[in-house]
Structure formats: structure tokens, C-alpha cells
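Report on one structure; see the data block that follows.
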Amino acid sequence: MWGDIAIAFILAFVVAFVTTPYTIKLAKKIGAVDIPKDERRTHKRAIPRFGGPAVILGFFVSTIYLLVVMVMEKTITLTGVEEYGKKLVGFFMGIVVLSIFCVIDDIKGIKPVTKLVGQVIATIIIIAAGIRIEGITLPFLNVPEIHEVTSIILTLVWVIIVTNAINLIDGLDGLSSGISVISAISLLIIFVLNGSTMLSIVLITAIAGALVGFLPYNFSPAKTFIGDTGTNFLGFSLAIISILGAAKTYTAAVIVLPLIVLGLPIFDTLIAIVRRLIKGKSIKAVFKADKGHIHHKLLAKGYSQKQAVIVLYGISAILGIFAIIVTDSGIWKACSFLFIVVIAIIAGYKNFAPEKTGKESYECLQCKYIYNPKIGNEKANIKPGTEFDQLPDTWVCPVCGESKDMFQLHPEN
């Protein structure tokens, strides 16, 4: 098993690492370039955003090669009761369909609703191939088999949420790629401990290897972005593989453990949906990008891009380790571990938090209005000396009416 894991990782790594420079050149030719047209973007120059195909190629080459060899060696079977061959074909077809939508988005741009349609079609394909959440077993909930309609709805919701969670957290250099690496490695360890199928172990290892090969080009300062093609592939694949990786003896792994491992992007996505619904008061507002994600909050607190990414890497790693401990040693040991880590972070936070002078100005990203704490905001009854963090949540920009979420630390601070 470990030899196969090593092959899956190294082969995906090499292919992605060697191919990425070619995708950078291709991106410039076809116009798949991210130009910082608005202040929501953190980069200040045009950067290729077509790294996804390199990661996908690394994944496909590694997976197909290893599966062919393992079938020839008869160490794995793709036929039988589980119909893994059929499920694998459905999975690959789903990736292809989703990638077509996202490649168009990276080159020309498409409406979020159109991209959502692509995600739904891809998910329907894998459901038709037999990949579904069929049951959940928890200490407080034991449902070995759920109704077919419920199974389909639950699978559809799970895949769409995880796919968009990885996509939405892609806001800083190396952020979505790094978090996906941490998640993939965490799931790999869980699958091994859990006695999951060799198919799921090979697939998740190939994901991790391809991402590690891509990260040198994506970490700050980024030479290329993974793009919507890459983020959608990662979210879609992590969601599907987590279902395939659930052993019959531990069906809670379908939802609970991947939910913990992917807790950061999923939490950020759910908060974004609620925030946009409240602010926009319509379903359409959910599809409108804003600057209220967790990584934006860290930047507003004074963290640099690299610092913010490392902080979020740390949170993802802690959640991944927590899920691993739950699998191996149970919930109580995992909770005690998490408690100690949280206490340590609280105790040492001040030593690592960015220093503030207490007189920082903040700039509105929409109209460039600058809130100066020395002056305050007389019309809104904000007295001079009131720091930005002390402003009420209902406070809005006195010029354009944007909320506090659309402000960032002024560059001159």
C-alpha cells in the first residue's frame, strides 16, 4: 500500500510541477489572466489564472497509471458489487464537464448562476454513476440506509457546498491550494486508519501530490493562480473522494470527518451566504462578491498576505489533526487536544498579533473615503478618538453607504 501511495504522490507532483510553467504561457495566449480591476483583489499586477489544468493533469496521469498497474497486478478490482469502475468513470466525466464550464469562466468569464448549473450537472453525473451518501452512523444518530431521494439531495448539497467553499476561499496567494493540500493529507491519514478502499486512497494521494507540485508557483508572491478551473476541481474532487473513502464500518466518515477537515472553507462560505443575504436582502446578493471573507478580515487587522495565509494554514491543520484523533482515539481525546491548543493560542496571541498604533485610518474600497479616528464621523454621532474597531456594526460609509466590510487598513498607516 505505501509503495502505491508513494507512486501516486510523486507522479502527480512531477507532472503538475513540470506542466505549470506551460499553463502560465498558455494563459497569456488565451487571455486567462486576472487583472486587478477592483480593490477587492489583493494583487496589483496581472497574473495568469490557469494553473488548474496542470493540477488536473497531474491527478489524471497519476491516477490512471496506478489504477491500470494495480488492475494488472490484481491488487485492486474495479468490478463487482461496489462497481468502482462505473463510479470512477462517472467521477472523471463529472470533472470534465465541470472543467469545461470553468475554463470558459477563466478565459471569458461567465455568470455565477451559469457556473452553478455546471456544478449541478457534474454532480448529477456522479450520482447517476452510483456515488451517493447512503447512510450515516453517529453516537446520537444511526441511519445505516437513507431513502433514495434523501440520499440524492444530501449528496447534491454536500458536493455543491464543498465545491464552492474551496472556490470562495481562493482570495490570497496559495490559500486555497494550501488548505486543499492540508485537507487531502488529513483525509489520506483518516482513510488509512479507517480501512477505506485503496481506490479512495490513491485518488486523495494524487490530489495532494498534484497540489504540492503546483504550490511553488502559487505561494506568495504568486506567479500564477489556480483559477476557477482548479478550485472547482479541488472542491468537487474532495467532496466525491470523501464519499468514496467511507468504509462500511464507519459511515460517519462520509459527512462528519470531511466536514471537520474542510471546516474552515465551509464555515467561511456559510457565513458569506448569510452575510450577503442580510446585506442584499435577495438571493441574487449571494452571488455578489464582497470583501468580508476571513482572509480579508485578517488583512484588515494588519496581517500581511503571507501571515494571513500561514494563520489559516494553521487553523486547517488543527482541524485536520482533530479529525484524525477522532478517528484513531475517539472524541474525548480530540476535544482535550483542541482545548489545550485553543488555550495556548489565546495565551500567546498578543505576542504574534500585528502591532497597532491605535490611530489607524481605514479606506472605503468603493469610494476611497478615509475614516480617520482623530476626526470621527460627526454626522453619525461618532466622536473623535473612536477607533475603527469600536465603530458599531451598523455604521456605514458616510459617502457611498457601504458597510464596514468594505473598508481596509489605509496603505499609509
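Listing for the model above:
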read-out	value
Qualifying residues in segment 309-344 (those that are loosely packed, with under 13 Cβ neighbours inside 10 Å and among the aromatic types (Phe, Trp, Tyr)) - the one farthest from the chain's Cα centre (by Cα)	Trp332
Options Val261, Val256: the member that is within 21 Å of Ile321 (Cβ to Cβ), in contact with a helix residue (DSSP H, G or I) (Cβ under 9 Å, 6 or more places away or on another chain) and at pLDDT below 85	Val256
Pair list, Cβ < 9 Å and 6+ apart or interchain, from segment 96-107 residues that are farther than 17 Å from Asn164 by Cβ and in the same structural domain as Leu57 (by TED's automatic domain parsing) to residues that are aliphatic (A, V, I, L, M) and surrounded by 20 or more Cβ atoms within 10 Å (Cβ to Cβ)	Val96/Ala122; Val103/Ala32; Ile107/Ala27; Ile107/Ala32
Unique residue being modelled with pLDDT under 85, in a loop (DSSP other than H, G, I, E, B) and surrounded by fewer than 16 Cβ atoms within 10 Å (Cβ to Cβ) when the list is Lys379, Lys359, Lys350	Lys359
Within segment 382-405, considering residues that are among the polar types (S, T, N, Q) and not in a loop (DSSP other than H, G, I, E, B), the one surrounded by the fewest Cβ atoms within 10 Å (Cβ to Cβ)	Gln390
When residues of segment 285-331 are limited to those that are out of contact with any helix residue (DSSP H, G or I) (no Cβ under 7 Å at 6 or more places or on another chain) and basic (Lys, Arg), the one modelled with the lowest pLDDT	Lys301
Test for Phe287: is it touching a residue at least 24 places away in the same chain (Cβ under 8 Å) and assigned by TED's automatic domain parsing to the domain that holds Pro258	yes
Of all residues in segment 146-204 being surrounded by 19 or more Cβ atoms within 10 Å (Cβ to Cβ) and among the acidic types (Asp, Glu), the one that is nearest to Phe92 (Cα to Cα)	Asp170
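Okay, residues lined up against (1) farther than 21 Å from Pro258 by Cα; (2) free of Cβ contacts under 8 Å to residues at least 40 places away in the same chain; (3) not in a helix (DSSP H, G or I):
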| position | (1), (2), (3) |
| --- | --- |
| Arg276 | yes, yes, no |
| His295 | yes, no, no |
| Leu298 | yes, yes, no |
| Gly302 | yes, no, yes |
| Lys306 | yes, no, no |
| Gly320 | no, no, no |
| Phe337 | no, yes, no |
| Glu363 | yes, no, yes |
| Ile375 | yes, yes, yes |
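The values are calculated or read from the model by the stated rules, or taken from the named source; none is laboratory data. Computed from a predicted structure; not experimentally measured. Glycine also receives a Cβ, built like all others from the backbone with ideal geometry; neighbour counts cover every protein chain displayed.
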